[in-house]
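Working notes, structure below.
The values are calculated or read from the model by the stated rules, or taken from the named source; none is laboratory data. Quick caveat, the model's predicted, so the values are computed rather than measured. Note: ideal-geometry Cβ built from the backbone for every residue, glycine included; neighbour counts use all protein chains shown. Only protein heavy atoms, including side chains, enter the accessible area calculation; ligands, DNA and RNA are left aside. Shrake-Rupley method; radii C 1.70, N 1.55, O 1.52, S 1.80 Å.
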Amino acid sequence: MELKSPGELITAWRVGHSLTKRAAAKLLKITQTHVYLLETGRRYPSPLLAATLAQLTGESIDVFLNMRNR
């Protein structure tokens, strides 16, 4: 089984909940551009955003905190 990158997990969560990038951004209290950059791995979440993403996706917070190390 192939492990998904943090960006792929974010995309899967967003698409799985039928959310546009704009709707996800509003829910996460970030910009639409930031959602795009997170999904593509070009930006990293703050610890607070990482905790929120972990809760929403059901993944460990470490997955999102360690995005820089991938």
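Looking across segment 28-54 at every residue that is on the phi < 0 side of the Ramachandran plot and of a type in the set (K, R), the one that is least open to solvent (accessible area, probe 1.4 Å) is identified as R43. A residue that is out of contact with any Cys (no Cβ under 7 Å at 6 or more places or on another chain) and at pLDDT below 95 occurs nowhere in segment 19-39.
Can you give me the number of residues within segment 1-27 that are among the aliphatic types (A, V, I, L, M), closer than 17 Å to L65 by Cβ, in a helix (DSSP H, G or I) and open to solvent by 20 Å² or more (accessible area, probe 1.4 Å)? Talk me through it step by step, then tell me what you get.
Looking only at segment 1-27, we keep the residues that are among the aliphatic types (A, V, I, L, M), and these are 1, 3, 9-10, 12, 15, 19, 23-25, 27.
Now narrow it down to the ones that are closer than 17 Å to L65 by Cβ: 3, 9-10.
In the following step, the residues that additionally are in a helix (DSSP H, G or I) were identified as 9-10.
When the remaining residues are screened for being open to solvent by 20 Å² or more (accessible area, probe 1.4 Å), the result is 9.
Of the residues in segment 1-27, 1 are among the aliphatic types (A, V, I, L, M), closer than 17 Å to L65 by Cβ, in a helix (DSSP H, G or I) and open to solvent by 20 Å² or more (accessible area, probe 1.4 Å).
Of note, T57 does not satisfy the criterion of being over 11 Å from the mean Cα position of the chain (by Cα) and either open to solvent by less than 90 Å² (accessible area, probe 1.4 Å) or in contact (Cβ under 8 Å) with a residue 12 or more places away in the chain (or both).
Can you name the residue in segment 45-61 that is of a type in the set (S, T, Y) and part of a helix (DSSP H, G or I) and, of all such residues, is nearest to S5 (Cα to Cα)?
Looking only at segment 45-61, we keep the residues that are of a type in the set (S, T, Y), and these are 46, 52, 57, 60.
So of that shortlist, the ones also part of a helix (DSSP H, G or I) come out as 52, 57.
Working: T52: 17, T57: 12 Å.
Per the stated criteria, the residue is T57.
Identify all residues within segment 34-44 that are assigned to a helix (DSSP H, G or I) and touching a helix residue (DSSP H, G or I) at 6+ places or on another chain (Cβ under 8 Å); write none if there are none.
Selection gives H34, V35, Y36, L38, E39.
Remark: L65 falls outside the filter, which requires a residue to be open to solvent by 90 Å² or more (accessible area, probe 1.4 Å) and of a type in the set (A, V, I, L, M).
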